Amino acid sequence: MTHHYDITLTVNGERIDGHVEGRKSLVDFLRDDLTLTGSHVGCEHGVCGACTVRVNGEVVRGCLMLAVQCDGAIVETIEGVSDTGEIADLQDAFERRNALQCGFCTPGMLLTAQELLSQTKNGGKVPSRDDIREHISGNYCRCTGYHAIVDAVEAVAVARAGRSS
Amino acid sequence: MKIVSDLPSPLTALDRPNSYIGRAVPRPNLKRLTQGRAQYVSDLVLPRMAHVAYLRSPFAHARIKHIDKSEAEKARGVIAVVTGPELAKVITPWVGVLTHLKGIKSAPQYAMAVDRACWQGEAVCAVVARTRAEAEDACELIQVDYEELTPVTDPETALDASTPVIHPDLGDNLTFERSLDAGEVDKAFAQSDAVVETTFIFGRHTGVTNEPRSIVADWNTGDQRLTVYQGTQAPHMMQNLFAKHLGLEEHQVRVITKDVGGSFGVKVHTYADEMAVVALSKLLKRPIKFVADRLESFVTDIHARDHRVKGKIGINKDGTITAFEIDDLTGIGPYSVYPRTSGIEANQVVNLVGGPYACPNYRARARVVFQNKNVMCQYRAVGHPIATAVTEGLVDLAAAKIGMDPIEVRKKNLYADDAYPVTAASGIKFEKLSHHAATDKLLRMMDYKALRANQAAARANGIHRGIGFASFIEVTNPSAAFYGVGGARISAQDGATVKLDATGAIFCHTGVSEQGQGAEAVIAQCVASSFGVSLDKVRVIMGDTDNTPYGGGTWASRAAGIGGEAAWQAGKALRENVLAAAASILQAKPDDLDINNGVVVDKGTAKERITLSEVARICYFRPDTLPPGFQAELVATRHYVPRNWPFSFTNGIQASYLEVDVDTGFIKLLKHWCVEDCGTVINPQLVDEQIRGGIVQGLGGALFENCLYDERGQMLNGNMADYLVPMAMEMPDMEIGHVVSPTADSELGAKGAGEAGTAGAPACVMNAINDALRPLGATPMTEMPFTPGRVLRALGRV
Ligand code: FES
Ligand code: FES
């Protein structure tokens, strides 16, 4: 009834061989099979953004992608980008600004914010508060009211633009 | 501030080293959340753990004639298929009533439906399997023979003789009723220059915590203990309930709460499907995990609000409010939720309507009725948004009727800041509120005059903007008067145990818990300040009934005011103990010593005498060198409960500036302001963010959130795509200000701040919309959420 597939992929720089059911979502594979629980599950229908991860450099919803689709792919999760230090400044800004309360949305929010910020680095224009709000509008946060998140992302945008200009 | 006086130092509490009260220090241990290394219950895996999925009733009301589970039992991965009657042998039912809510009644509720399902989504059969997916697969193989019964859905007709009674033993569908008549209401209305009457309607909405409800129960038959990992706000309360209904002693149950992905009151209740999990673990003798999926969350997480309130206000031409009258009707689902009851919200509405205003004439009735819909219970700011919207909506309509500025009407009627203590018409007692100071501050922050000018200029260009206000009162720091007096075993007191470890650092074990509010930081700030160490030397332990003092947990904005005070007192007590030990080592008098930055110093001169790590080393490892008869006590515990006032009432005022697109009905929020008085502000950043988060939850209720049901009791929008919550793009920037009136009930003087935002936001959005639309002759909007369709209807355009 359920078919299994062998897949090989790179997760946070590590080669992984998986044997997964065809119906298994990427986020379930990461959480259940690899115990990478930093990617969260809020809705499993593509609305909340808690499951956000990067596949081949693109931000995707881990609940809308199947694990088998990631055969041969490069997958990065919050644990991976934390360890590489890629978003250390953003994480620091979130902590100082209290841009998280329960923290459940935070891994997805950080990856989504990083997507915007990476487009605007190297002397690029600093996104406006409205730009930031629009960009993170696919990620639910039920705790913060977003204002602090916008503050934190804005602060990093300004700092990064300053550093690179 | 009062916290100055008890400290031995000539410096004030805020000047001392290690004074963290009032400082926006970052929360400790946030890195685990930002790095994806938190431990939510949904992340947890235990050896031999199995997963449960529930087959849920597709009908709002149906008799369960027969369940055929034979096919499901044979399915791959299935460990057990358990029906309601089978589970009822393991766990007893409960009734959600409290004795101090006179006349409240409810029916026994079982962990799973026994012979009848009373709402769409009630669990009727459980499948335990190796994986959740296998459990869900097997659910599809269960055959249930239902006989559909007539559902009761409309609160307006729930009490009619022709409506079936959901629980025949109770006689009717009335859960709870309360009436109040103060002053001379009829006379006041008769003598008023104007009377305004209208009906306010509040949609049903729900919490939508980002992490759904999650629980792992582990009955270990070897040591006869149940360990429950649960994302709950009240671990000790749940310990008591699990023990009680499984027939265990409390010491056989341990509840552990680590990271919780949002709560807002949703996770402070007893859920039948979670009670079923602990029972299944006991039955099957292995760990069982249940994580609600989002679709289940919508039909089983408590819903809230859903009130229809007829309101009436009297006013004189000079702006004096003469009387308030309300009639509130609310439907709560088929059961009053255990153990807090579903009567509290309506009760709170009766308590709070008219609250900020010195008007002695007030009549109220509230009726709470059963329905065949999901249960309703306490959600963030219980009853406050209803009471505030009714009160403030009426005040604005009255102001418009006599042609007075809404702020002038408020200033004329708000209790004077020097009037306290005050007993309001509803009978509740206010220790100290600051409505006028808060209003003045708000008007300065928003530059009211300039904003009115901006509004007028925009209007001249065909842009319709509105300004709305809402004064509010918030109930925080509940004493035993909230639940204890009604017979619920929900601790009103809280405790803190602090200990000096062998290296000079402090451990603080507290009964309050963390769901993101920052309670951990606040407790650390209190202990570090009162004991005298830097913040990084304090480790806070919470959320474990085996390892924390018995306490209430975190709800009703009690963690800082109650848990913080206990921690403050415990820190002081430990300081005395440590100074006694240091004095004995140094052959000095304890009174001549103090602790600064982790070092015992001479009081006054701050000359260093001995480090804490050295005191600890001697006391733990070389007590033989201490004088005979001296026993060092490097642990201290203190408890705290408010005694002089049943609640710390806080107050504040919010303002909203928004724009209505009269062609599409869309509302754009431009800016939001809030001034709040939560007494001593322990951590300004955390308080501001609580208020901001609360405002957005209030804005959600005002503009988007609504659990839609059809007449058969089917929820129509039980998913995140159809149930709208605020997203970043629709939300405004929010400016927060403070007025500080500490409560005299505690040394710290801290009141709560978690409900404030939610309490006032819907009312001030409503008033702002009506302010924007009034010149266009629109019908005043009083039905939430204020959807584009409703806006266009109010304008007569559709
Ligand atoms: S869990 Fe994937 S978007 Fe919500
Ligand atoms: S911090 Fe809780 S959902 Fe964003």
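The values are calculated or read from the model by the stated rules, or taken from the named source; none is laboratory data. All values derive from a computational prediction rather than experimental measurement. Every residue, glycine among them, receives a Cβ derived from its backbone with ideal geometry; neighbour counts consider all protein chains shown.
What residue, among those in segment A:107-148 that are under 18 Å from B:Leu30 (Cβ atoms) and more than 8 Å from chain B (Cβ to nearest Cβ), is surrounded by the fewest Cβ atoms within 10 Å (Cβ to Cβ)?
Per the stated criteria, the residue is A:Gln114.
If B:Ile695 satisfies every condition in (1) within 9 Å of chain A (Cβ to nearest Cβ); (2) among the aliphatic types (A, V, I, L, M); (3) out of contact with any Lys or Arg (no Cβ under 8 Å at 6 or more places or on another chain); (4) surrounded by fewer than 19 Cβ atoms within 10 Å (Cβ to Cβ) but one, which is the exception?
B:Ile695 satisfies every listed condition except (4).
Is it true that A:Gly46 is more than 16 Å from ligand 1 (Cβ to nearest atom) and surrounded by fewer than 20 Cβ atoms within 10 Å (Cβ to Cβ)?
No; evaluated as a whole, the condition is false for this residue.
Condition (residue is in contact (Cβ under 8 Å) with a residue 24 or more places away in the chain and outside any helix (DSSP H, G or I)) applied to segment B:683-695: is it met by at least one residue?
yes
Name the residues in segment A:49-72 that are more than 6 Å from ligand 1 (Cβ to nearest atom) and in a strand (DSSP E or B), would you?
Result: A:Thr52, A:Val53, A:Arg54, A:Val55, A:Glu58, A:Val59, A:Val60, A:Leu66.
Which of the following residues is more than 10 Å from chain A (Cβ to nearest Cβ) and in contact with a Gly (Cβ under 9 Å, 6 or more places away or on another chain): B:Leu708, B:Leu669, B:Leu703?
None of the others qualify; the one that does is B:Leu708.
With respect to B:Arg213, determine if the residue is over 16 Å from B:Val278 (Cα atoms), at pLDDT 95 or above, of a type in the set (Lys, Arg) and buried (at least 17 other Cβ atoms within 10 Å of the Cβ).
Judged against the criteria, B:Arg213 is not a match.
Filtering segment A:114-142 down to residues that are more than 16 Å from ligand 1 (Cβ to nearest atom) and of a type in the set (A, V, I, L, M, F, W, C), which residue is modelled with the lowest pLDDT?
A:Val126
Looking at (1) within 16 Å of ligand 2 (Cβ to nearest atom); (2) free of Cβ contacts under 8 Å to residues at least 12 places away in the same chain, can you tell me which one A:Thr52 breaks?
Result: A:Thr52 fails condition (2) only.
Conditions first: (1) of a type outside the set (A, V, I, L, M); (2) within 16 Å of ligand 1 (Cβ to nearest atom); (3) surrounded by fewer than 24 Cβ atoms within 10 Å (Cβ to Cβ). A:Glu95 passes all but one, so which condition is the exception?
Going through (1) of a type outside the set (A, V, I, L, M); (2) within 16 Å of ligand 1 (Cβ to nearest atom); (3) surrounded by fewer than 24 Cβ atoms within 10 Å (Cβ to Cβ) one by one, A:Glu95 breaks only (2).
Mind checking which residues of segment B:473-490 are out of contact with any strand residue (DSSP E or B) (no Cβ under 6 Å at 6 or more places or on another chain) and among the polar types (S, T, N, Q)?
B:Ser479
Which number in (1) outside the structural domain of A:Ala148 (by TED's automatic domain parsing); (2) of a type outside the set (Asp, Glu); (3) surrounded by fewer than 24 Cβ atoms within 10 Å (Cβ to Cβ); (4) within 16 Å of ligand 2 (Cβ to nearest atom) marks the one condition that A:Arg23 misses?
Only one criterion is unmet by A:Arg23, namely (4).
Among B:Ala450, B:Ala470, B:Ala438, B:Ala458, which is the only one that is out of contact with any strand residue (DSSP E or B) (no Cβ under 7 Å at 6 or more places or on another chain), modelled with pLDDT of 90 or more and either in the same structural domain as B:Thr650 (by TED's automatic domain parsing) or loosely packed, with under 14 Cβ neighbours inside 10 Å (or both)?
B:Ala450
Which residue pairs have Cβ atoms closer than 6 Å, lie 6 or more positions apart in sequence or on different chains, and pair a first residue in segment B:26-40 that is at the interface with another protein chain (Cβ under 7 Å from one of its Cβ atoms) with a second residue that is part of a helix (DSSP H, G or I) and of a type in the set (A, V, I, L, M, F, W, C)?
From residues that are at the interface with another protein chain (Cβ under 7 Å from one of its Cβ atoms), the pairs are B:Arg27/B:Ala521; B:Thr34/A:Phe94; B:Gly36/A:Ile78.
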